[in-house]
Amino acid sequence: MNEPAVTAAAPEQPEPRRYDLFLRHRAGLFWRLTDNGIVPGPEKLSYMQDGRWGYRLYTDIVSVNVSSAHIPRQGVLAQCGITFRSGARLGTSTADAKGLPDPSRHEAYFDFLVDFHQRLVASGQAKRISFTRGGTVARMRVLQVALVLAGLIFIVLPLVLAAIVRSWQPLEIMLIGLLFVWPAWESAQKNQPGTYDPRYPPDMLD
């Protein structure tokens, strides 16, 4: 005869942890990122804004997007954007204060990503939140067209010129073009629009 399971309260979540990540609260150019620090809690997300701590309830979140960007000569930047009901947006990433990729923040960023999503799931709010990855369809189409044009100019054209003038010099332009076009193409493929399961958030770095 099977004995009934002993009832118990749901497992307690770990104590909230502060993640040493820089934040962006608005789009556009900036000189330096100054707000640093974000803390996912049981029912709310606390973070620095304009030098002071504030928070948003998970009930106020409408969507979460994860993406990555290739910065020439710097590396890959993983990003997480959170949109609220008011239309306000909070972004965090693996960037340093200058907005450039900082590999030393990869571990903290991924830990935050997992912690944040686990708390959204545990709060019950994940069921109504939109979880997307990559860029928008329109943005990716524009980017792909730009990359095709860049490939024609910096790769195909130098090959044709090399065949016509019978010189290796145009191939130097092709090699330089490859250094820029290929990483951007890989980034575009990685950031194809899609959705994901909040239980398994992608870090977008692989």
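Computed from backbone phi with θ = phi - 60° and the Karplus coefficients 6.51, -1.76 and 1.60, the 3J(HN,Hα) list for segment 190-196 is 5, 9, 4, x, x, 10, 8 Hz; x is used for glycine and proline. Modelled spin labels at Lys127 and Ile155, positioned 7 Å past Cα toward Cβ, are 4.7 nm from each other. For segment 146-202, applying the loop criterion from DSSP together with a ceiling of 11 other beta carbons within 10 Å to the chymotrypsin sites (Phe, Trp or Tyr not before Pro) yields Trp168. Considering every Cα-Cα pair within segment 137-187, what fraction, in whole percent, is farther apart than 12 Å? The share of Cα pairs beyond 12 Å in segment 137-187 comes to 62 percent. Build a GNM of the chain with springs between Cα atoms under 10 Å apart, and of Ala162, Ala184, Ala95 the one that fluctuates most is Ala162.
Going through segment 25-65, which chymotrypsin sites (Phe, Trp or Tyr not before Pro) have at most 10 other Cβ atoms within 10 Å and a DSSP loop state?
Details: sites: Phe30, Trp31, Tyr47, Trp53, Tyr55, Tyr58; in loops: Phe30, Trp31.
Within segment 25-65, the qualifying chymotrypsin sites (Phe, Trp or Tyr not before Pro) (loop, at most 10 other Cβ atoms within 10 Å) are Trp31.
Using just its DSSP H runs of length 4 or more, each adding -39500 (n - 2.57), the chain gives a mean residue ellipticity at 222 nm of -10500 deg cm²/dmol after division by all residues.
How high is the relative contact order of the chain, in percent, counting Cα pairs under 8 Å that sit 6 or more residues apart? Provide the component values of the computation, followed by the final result.
Details: 329 pairs, mean separation 42.1, N = 206.
Relative contact order, the chain: 20 percent.
Given DSSP loops and a limit of at most 14 other Cβ atoms within 10 Å, what is the longest stretch of the chain that contains no such trypsin sites (Lys or Arg not before Pro)? In short, 33-72.
Annotation: lysines with alpha-carbon distance below 21 angstrom to Lys127 (same-chain offsets under eight excluded): Lys44.
Amide H contacts of Gly41 (H built 1.01 Å from N, in plane; Pro and chain starts excluded): Ser46 sit under 5 Å, all sequence-distant by 5 or more or on other chains. Computed extension length for Leu179-Arg85: 29.7 nm, one decimal, from 0.36 nm per residue of separation with the Cα-Cα distance subtracted.
Candidate values [x] -0.70; [y] -0.37; [z] -0.54 were compared with log10 I(q)/I(0) by the Debye sum over Cα atoms at q = 0.10 Å⁻¹ computed on the shown model; the agreeing label is [z].
Taking the chain as the reference, fit the longest principal axis to its C-alpha atoms, fit the long axis of helix 106-123 to the helix C-alpha atoms, and give the angle between the two in degrees, 0 to 90, nearest 10. Tilt relative to the chain: about 40 degrees.
Springs between Cα atoms under 10 Å define the GNM used for the chain, and in it the highest mean-square fluctuation of Gly91, Gly194, Gly51 occurs at Gly51.
Compactness ratio of segment 29-127: Cα Rg over 2.2 N^0.38 Å, N = residue count?
On the way: Rg = 13.7 Å, N = 99, 2.2 N^0.38 = 12.6 Å.
Ratio of Cα Rg to 2.2 N^0.38 Å: 1.09.
Computed from Cα atoms, the angle from the helix 137-151 axis to the main principal axis of the chain rounds to 30 degrees.
Read the figures in this text as sums done on the coordinates, not as results from a lab. The structure displayed is predicted, hence computed values, not measured ones. Here Cβ is always computed from backbone atoms with ideal geometry, including for glycine, and neighbour counts include all displayed protein chains.
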